[in-house]
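Okay, so here's the structure we're looking at.
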Amino acid sequence: MNFLEERIVKEGIVKSGNVLKVDSFLNHQMDVILMEEIAREFKRRFAGKIISKVLTIEASGIGIAIFVAREFGVPLVFAKKSKSINIDGDMFVAEVESFTHKNKNQVIVSKKFLHEGEHVLIIDDFLANGCALQGLISIAESAGAIVEGCGIVIEKGFQIGGRVIRNLGYHLESLAIIDAMDSESGTITFRDQEEK
Ligand code: 5GP
C-alpha cells in the first residue's frame, strides 16, 4: 500500500451512493504534509513533461493544486463555477455535472489566464464519471493549450471516468485507484498500480 492508500484505509469513510469521504485529510481539513507528498509524487509521475500551468476546478481541487503548482514552479488557474447565463466572450466555458451535488454548472476560465501553446497539467481530488476532467480538458483545448496530463488523487476505478479519459489517449495518473468499496462493511479494495 502506498502512503495515500494507507491514509484512505485509516480515515476514509465509505458512504452510500459510491461516495468516499476523506474530509479529515483531503477536502475539508487538509493535511499539508500529505499534500506536499502528493505534489512530489505527481512531479515524479510526470517527470520529463514540460508543464507551464496547473489547471483545476473549484472548490476541492484548489488546495491540492496549489501544492502541485508550487512543486512544478508554475502558476495555478482554477475554473470557477458560474450560475450566470450571460457569460461574455472573454471566458472559456464548459458545462460540468457535479457528481456530489448532482447539478450542472457552467465552469469558466478567463481568456487572460490560459493561452495557446501552454503546457497544462490538470489536477483534481477525485475522478468518478469524468465530467469534471472532461470539462477542464475541453477548456484547455479551446484555449489551444496542450494537455500534458491529468493528475488525480483518488480515482474510483469502478466508475467510468478513468477508462474514458485513458481511452481518449490522455496521460492520466491517479495516486490511488479504488476498484471496489462497500458502505456496509466499510471495506476498500485498491487496484495494483502496476496494472494501470
Ligand atoms: P466526476 O466529474 O469525475 O464524476 O467527479 C469528480 C468530482 O466530483 C471531483 O471534483 C470531486 O470533487 C467530486 N467527487 C466525485 N466522487 C467523489 C467522492 O467519492 N468523494 C468526494 N469527496 N468527492 C467526489
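Throughout, read-outs are computed from the coordinates displayed, never taken from laboratory work. This is a predicted model, so every value here is computed, not measured. In this analysis, Cβ positions are derived from the backbone assuming ideal geometry, glycine residues included, and neighbour counts consider all displayed protein chains.
So if R0 is 25 Å, what FRET efficiency would ALA47 and LYS111 give, r being the distance between their Cβ atoms, rounded to the nearest 0.05?
It comes out at approximately 0.25.
Please identify, among SER98, SER185, SER16, the residue showing maximal mean-square fluctuation in a Gaussian network model of the chain using a 10 angstrom Cα cutoff.
SER185
Just want the answer: with Cβ charges of +1 for Lys and Arg and -1 for Asp and Glu, which residue in GLN134, VAL93, ILE33 is farthest toward the dipole's positive end in the stretch 31-181?
VAL93
Starting from the 7 Å offset along Cα-to-Cβ, what nm value, one decimal, do you get for the label separation of GLU184 and SER142?
4.5 nm
Mind listing the Cα extents of the chain along all three principal axes, in Å, largest one first?
Ordered largest first, the chain gives principal extents of 50, 37, 33 Å.
Taking the chain as a Gaussian network, where each spring joins two C-alpha atoms under 10 Å apart, which residue of ILE108, ILE152, ILE87 fluctuates the most?
ILE87
Can you compute the charge dipole magnitude of the stretch 31-181 about its Cα centre, using +1 on each Lys and Arg Cβ and -1 on each Asp and Glu Cβ, nothing else charged? Give it in debye, rounded to the nearest 20.
It comes to approximately 100 debye.
Calculate the FRET efficiency for SER84 and ASN129 from the Cβ-Cβ distance with a Förster distance of 35 Å, rounded to the nearest 0.05.
Efficiency computed from Cβ-Cβ geometry: 0.90.
Compute the Cα gyration tensor for the stretch 62-107, then decide on rounded, prolate or oblate, letting a ≥ b ≥ c be the square roots of its eigenvalues: rounded whenever a/c is under 1.5, prolate when a/b is larger than b/c in the other cases, and oblate in all that remain.
oblate
In the stretch 31-181, what percentage of the DSSP-assigned beta bridges are antiparallel, given to the nearest 5?
Bridges in the stretch 31-181 that DSSP calls antiparallel: roughly 30 percent.
Which one, LEU20, PRO75, LEU175, projects farthest toward the positive side of the charge dipole computed for the chain from Cβ point charges (K/R +1, D/E -1)?
Farthest towards the positive pole: PRO75.
Under 15 Å from a point 7 Å along the Cα-to-Cβ line of GLU6: which residues of the stretch 149-166 have their amide N that close?
None, by backbone N distance to the label point.
Counting only helical runs of four or more DSSP H residues, what would the 222 nm mean residue ellipticity of the chain come to if each run contributes -39,500 (n - 2.57) and the total is spread over all its residues?
-8500 deg cm²/dmol
Once you've got the GNM for the chain with C-alpha springs shorter than 10 Å, pick whichever of ASP124, ASP182, ASP88 has the biggest mean-square fluctuation.
ASP88
Cα centroids of the stretch 1-39 and the stretch 166-196: how far apart, whole angstrom?
Between the Cα centres of the stretch 1-39 and the stretch 166-196 lies a distance of 14 Å.
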